[in-house]
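Have a look at the structure below, then the notes.
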Amino acid sequence: MISFKQLPIEAKAAVAAGVVFFSMMLSRSYLAEKLDFRTRRWLLRLQMALFANTLMLMGSLHVWRSTVTTFTRSSAASSFCFMLWKIAVFMFLALAHSSFFTLLFLVAEEPYFFSLAAYTCLGAYIILIFFLFTLGSVEQAYKFLAGRGAKAGTGNKNRTALKPVLAVLLTVVLAVVGLLNASQPPTVNSVEIPVHKLPSAMNNLKVVLLSDIHLGPTVGKTKLAMIVRMVKALKPDITVIVGDLSDAEAKIIRPAVEPLGELDSPLGTYFVTGNHEYYTSDVSNWFELLKSFNIQPLHNENVKIVSPKSTSDWFCLAGVDDIEADVLRYSGHGMDLKKALRGCSSEHAIVLLAHQPIAAKWALQERPDINLILSGHTHGGQIFPLNAGAYLLNPFFVGLYQVGQNTFVYVSPGTMYYGIPMRLGSRAEITEIILRSP
């Protein structure tokens, strides 16, 4: 039987990841009631950071071998430039690994430079891993098709060296493009959606949809103030925030949230939780903070949006907790559609706020009379190559979908970004939704 010491380092990293994951499940199941709230919150976030890092360790070993070890036998290995390259690769990997810990120690009103650098390296890390894997697969396929009769020669060595060089160059180019794209203000996307049984007096009602702002290590007060200015310029009747507003505790990041107090939509501003609100384990404090800014959380509940022209004309605006609350066993929270739609009948139009597209799918299976669901969560994939995964894992990816004759789902690609200050194959968006009466 092979001992732990005899395992290759990649296998040791995999075992470590498994141990951390098991400890996460154990603490959620058996320690949740035995630990005080603050300890439980810190333990969960620390476990998530450790789990991500143990998984990344396997990729980091591959990056090091591909970009450093591969060249150690070359004539340039003893040069000063190669020493600088080794230091640069090590620092790159160290910053990428440290990014998850900035959520614990480096969150303030405005992002720290270290946090921006760490998450930029994390984004480049993901891209680099993809290209190293892809080019390596192409190389293996070439060897298989070409046969292995010929001995390894200079041509093979050149191809081996070319792979990491090409991967690094592609990563640098895409990282720069992604950074420039994400640094731009969100685009304003105007969408007209027919809403079955919407009163004619409420025709052309304007709803501004925000999602996935992710206040935290790389998004601060300045960016939120810009978003609020853009929303106010649109003069919406209603503003809705469909989750993942923040990645930090309310008390820590309160100064960054203050611009939200300037939102003044005449028919109200509403909020539902996303999965990241539950990762902060601070939802109750967030609810109180948002209420102080006249933003109403819809905690499995609904409100009547009454037409300014006639009190007899109204529709039902409902919101559900994010489904991650059930996974995390967050006390008093979890998606409860029956409670959220209590009093909402098919005689009036129903608009539902649900952070995740999978929750939108479940809601329609239970209540097909819902006319419009507004979601977020996917970020449009945010960066290449994660776009493909987000597309495959969600029943609705991004944009407008018609489900049945009288039901629509709109998925926002996100108003900012999570952590990594990059956008590749997606664009941050503020959505201006014009509700049309049939």
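The values are calculated or read from the model by the stated rules, or taken from the named source; none is laboratory data. Since this is a predicted model, take the numbers as computed values, not measurements. All Cβ positions, glycine included, derive from the backbone under ideal geometry; neighbour counts span all protein chains shown. Calculation scope for accessible area: heavy atoms of the full protein, side chains included, ligands and nucleic acids excluded. Shrake-Rupley method; radii C 1.70, N 1.55, O 1.52, S 1.80 Å.
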With the range 157-205 reduced to its Cα atoms and the Debye formula applied, log10 I(q)/I(0) at q = 0.17, 0.26, 0.32, 0.33 1/Å amounts to -0.71, -0.95, -1.09, -1.11
Note: Asp326 to Val176 extended length (0.36 nm per residue) minus current alpha-carbon separation gives 50.2 nm
Residues whose built amide H sits under 5 Å from the amide H of Leu215, excluding neighbours closer than 5 in sequence, are Ser246, Asp247
Reviewing [x] -0.46, -0.59, -0.71, -1.05; [y] -0.41, -0.52, -0.64, -1.03; [z] -0.34, -0.45, -0.56, -0.96, the figure for log10 I(q)/I(0) by the Debye sum over Cα atoms at q = 0.07, 0.08, 0.09, 0.12 Å⁻¹ actually calculated from this model sits under [y]
Sorting Thr120, Gly419, Ser246 by the position of each Cα along the dipole of the chain (Lys, Arg +1; Asp, Glu -1; all at Cβ), the one nearest the positive end of that ordering is Thr120
Expressed in square angstrom to the nearest 10, the accessible area of Lys291 with a 1.4 Å probe stands at 110
Placing each pseudo-label 7 Å from Cα in the direction of the beta carbon, Val188 and Tyr142 end up separated by a distance in nanometres of 5.0
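Using heavy-atom solvent-accessible surface (probe 1.4 Å) with all chains present, what is the largest-first order of Thr280, Thr222? Display every interim value, and only then the final one.
Working: Thr280 0, Thr222 90 Å².
Putting Thr280, Thr222 in descending order of accessible area: Thr222, Thr280.
Give the carbon-plus-sulfur fraction of the accessible surface of the chain in %, rounded to a whole number; probe 1.4 Å, heavy atoms of protein chains only. Present the calculation step by step, with values, prior to reporting the outcome.
Details: 12970 of 20580 Å².
Carbon with sulfur: 63 percent of the solvent-accessible area.
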In order over the range 133-141: 3J(HN,Hα) from phi, Karplus 6.51/-1.76/1.60, θ = phi - 60°, whole Hz, x for each Gly or Pro, gives 5, 5, 5, x, 5, 5, 4, 5, 5
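To the nearest 20 debye, what is the magnitude of the charge dipole of the chain about its Cα centre, counting +1 on the Cβ of each Lys and Arg and -1 on the Cβ of each Asp and Glu?
So the dipole magnitude of the chain works out to roughly 1660 debye.
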Everything considered on the Cα gyration tensor (a ≥ b ≥ c; rounded for a/c under 1.5, else prolate if a/b is larger than b/c, else oblate), the range 219-297 must be described as prolate
For the chain the mean separation of alpha carbon contacts under 8 Å (6+ apart) over residue count, i.e. relative contact order in percent, is 19
Length gained, Asn203-Glu347, 0.36 nm per residue minus C-alpha separation, equals 50.1 nm
Scanning the chain, every Cys lacking a C-beta partner under 4.7 angstrom -> Cys81, Cys121
Burial-style ranking of 271-279, 104-112, 320-328, average other-beta-carbon count within 10 Å with highest first, yields 271-279, 320-328, 104-112
Counting sequence-distant residues (5 or more places) and residues on other chains, those with an amide H built under 5 Å from that of Leu352 are Ala318, Leu372, Ile373, Leu374
Listed by chain and number, the aspartates and glutamates with an alpha carbon less than 17 angstrom from that of Lys221, same-chain partners under 8 positions apart left out, are Glu109, Glu110, Asp212, Asp244, Asp247, Glu249, Glu258, Glu262
If R0 = 41 Å, then Asn294 and Gln365, at their Cβ-Cβ distance, give a FRET efficiency to the nearest 0.05 of 0.75
For the pair Trp64 and Met83, the simple spin-label estimate (label points 7 Å beyond Cα toward Cβ) gives in nm 1.9
One finds the C-alpha centres of the range 337-414 and the range 158-229 to be spaced, in Å, by 18
Asserting the computed 222 nm helical MRE of the chain (DSSP H runs at least 4 long, -39500 (n - 2.57) per run, divided by residue count, to nearest 500) equals -15000 deg cm²/dmol
Given Cβ charges of +1 for Lys and Arg and -1 for Asp and Glu, the option among Asn300, Gly274, Thr218 whose Cα lies farthest towards the positive end of the dipole of the range 213-340 is Thr218
Note, the range 384-397: 3J(HN,Hα) by Karplus (6.51, -1.76, 1.60, θ = phi - 60°), whole Hz, Gly/Pro = x, goes 5, x, 5, 4, 4, x, 5, 5, 6, 8, 10, x, 10, 8
For Lys309, the aspartates and glutamates lying under 18 Å Cα to Cα, once residues fewer than eight places off in the same chain are dropped, come out as Asp237
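Taking 0.36 nm per intervening residue step and subtracting the Cα-Cα distance, what contour gain separates Leu169 from Leu234 on full extension? It would help to have the intermediate numbers written out before the result.
Numbers: separation 65, 0.36 × 65 = 23.40 nm, distance 4.11 nm.
Extra length available between Leu169 and Leu234 comes to 19.3 nm.
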Gyration tensor on Cα atoms of the range 272-352, a ≥ b ≥ c root eigenvalues, a/c under 1.5 rounded, else prolate if a/b beats b/c, else oblate, says oblate
Note on the chain, DSSP bridge orientation, antiparallel percent to nearest 5 equals 35
Rounded to whole Å², per residue accessible area for the chain with a 1.4 Å probe reads 47
Rg/Rh of the range 187-436 (Cα atoms, Kirkwood Rh), to two decimals, equals 0.93
